[in-house]
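Report on one structure; see the data block that follows.
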Amino acid sequence: MINIIKAFINKVLKGLFKKKKNIKLGLYGPPNGGKTTLANRICKDWLGEDMGAVSNVAHETREVQIKEQVNIKSKGKELTFNLVDTPGIATKIDYEDFIKSGLKEKQAKQRAKEATKGVIDSIKWLDEMDTVIIVLDATKDPYTQVNITIVGNLQARKIPVLIVANKSDLKKADVKKVQSAYPQYNVIGISAKYGNNIDKFYEGLFAIAG
Amino acid sequence: MVTLQFVPYHEIEDLGSARRVKKLIDIVKQNKIVLLQGRLKKEEETDLISIAMEEFGDKFKGIELAVINPKNNDATGLKKARNNFFRFLLGNRQGLTIIGPANIVTEIKKDPNKIELYTKEAKKRKKK
């Protein structure tokens, strides 16, 4: 009987330990918001290497990418997580948009096909996440239905969320507009590209995941 | 010509999530714009996006989606309590969901007092 109780306690403790060790931190948002740029910033800051390729053409990330065991430190605290960079979520994809961005028709059609699969995978991965950072482009309208749907879904799943208003270095950026669109969340204006306000971002991350 | 199809909430009320989403996507794939009374569950909204992407092809490029959910944030006291009571009673019947095929509807703009639907034909005419 004692052995059974011991085994049960061990199992529970192992389960807790395993869960803590494998926190999945997802980067979500519409295409071209700067998810991979932020993933690269985090990886460069703490691992000294990039995570994925970035480009001005939308849907550059078309597969879920994972960087395991990212360990970050801030104000004496430490946090270890698996960073999951997801393809941008969109309701429509048109290969002609990629042609306008300079791709050849065949490449554009292939990219569109892969991008649709990427959107499906991003949505599938929602269930796996422990904490999510929503990366929005601060130069664009924050009230789009895709943004509202992503935020609403995470809320319904009770997943802790931090919203990042990225590209704050650009003149058109309006961080306050993003903050007023999602008043129930902590919204931090950053420039993932140049690292502006990144310390505040890490503090915010500790606040929801630490 | 653009066709709008109104779907009353009772038509989807008793369907499971998968069948609800399929019903709506099937209408959109006929190049019709769906005006759904009320709104889908949050998870169904993402399912709708997923299914739209699965159906992607030469003739179907996805959807434009807009959910209008009336909220009177200025209400206080008794008025607020009354609004909350009606929201509780009506549940997902409140509001309006617009789903259009992306090859016809290019953008949906929401405003507290109006909804603007931009179609490809309108854009071409504007260019002329």
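The values are calculated or read from the model by the stated rules, or taken from the named source; none is laboratory data. Nothing here was measured: the structure is a model prediction, and the numbers come from that model. Calculation scope for accessible area: heavy atoms of the full protein, side chains included, ligands and nucleic acids excluded. Shrake-Rupley method; radii C 1.70, N 1.55, O 1.52, S 1.80 Å.
At a probe radius of 1.4 Å, figure out the B/A buried accessible area, summed over both chains, and give it in Å² to the nearest 100.
On the way: alone 8770 and 12100 Å², together 19050 Å².
When B and A are taken together, about 1800 Å² of accessible area is lost.
Sorted by accessible area (1.4 Å probe), largest first, how do A:Asp199, B:Asp58 line up?
On the way: A:Asp199 105, B:Asp58 140 Å².
From most exposed to least exposed: B:Asp58, A:Asp199.
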What does DSSP give for the range A:124-200 in terms of the percent of beta bridges that are antiparallel, rounded to the nearest 5?
10 percent
Could you give the Stokes-Einstein D for the range A:22-209 in µm² per second, using the C-alpha Kirkwood radius, 10 °C, 1.306 mPa s?
95 µm²/s
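Please report, as a whole percent, how much of the solvent-accessible surface of chain A comes from carbon and sulfur atoms (probe radius 1.4 Å). It would help to have the intermediate numbers written out before the result.
Numbers: 5800 of 11160 Å².
Using a 1.4 Å probe with all protein chains present, chain A comes out at 52 percent carbon and sulfur.
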In the range A:105-119, the residues losing 20 Å² or more of accessible area (1.4 Å probe, heavy atoms of protein chains only) relative to their chain alone are A:Thr116
In Hz, Karplus ³J(HN,Hα) per residue of the range A:30-47 (6.51, -1.76, 1.60; θ = phi - 60°; x = Gly, Pro):
x, x, 6, x, x, 5, 6, 4, 5, 4, 5, 4, 4, 5, 5, 4, 10, 10
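Can you say what percent of the DSSP beta bridges in the range A:74-210, counting only those with both residues inside, are antiparallel? Round to 5. Could you put the intermediate results ahead of the total?
Details: 2 of 11 bridges.
Bridges in the range A:74-210 are about 20 percent antiparallel.
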Amide H to amide H, which residues 5 or more places from B:Glu107 or on other chains are under 5 Å from it, using H placed in the peptide plane?
B:Tyr118
Tell me, which residues of the range A:146-175 get at least 10 Å² less accessible area when the other protein chains come in, versus the chain alone (1.4 Å probe)?
A:Ile148, A:Thr149, A:Gly152, A:Asn153, A:Ala156, A:Arg157
Enter the accessible area per residue of the range A:22-209 (Å², integer; probe 1.4 Å; all protein chains in place).
46 Å²
For the protein assembly as shown, list log₁₀ I(q)/I(0) at each q in 0.07, 0.13 Å⁻¹, using the Debye formula over Cα point scatterers of equal strength and ignoring solvent, two decimals each.
-0.33, -1.08
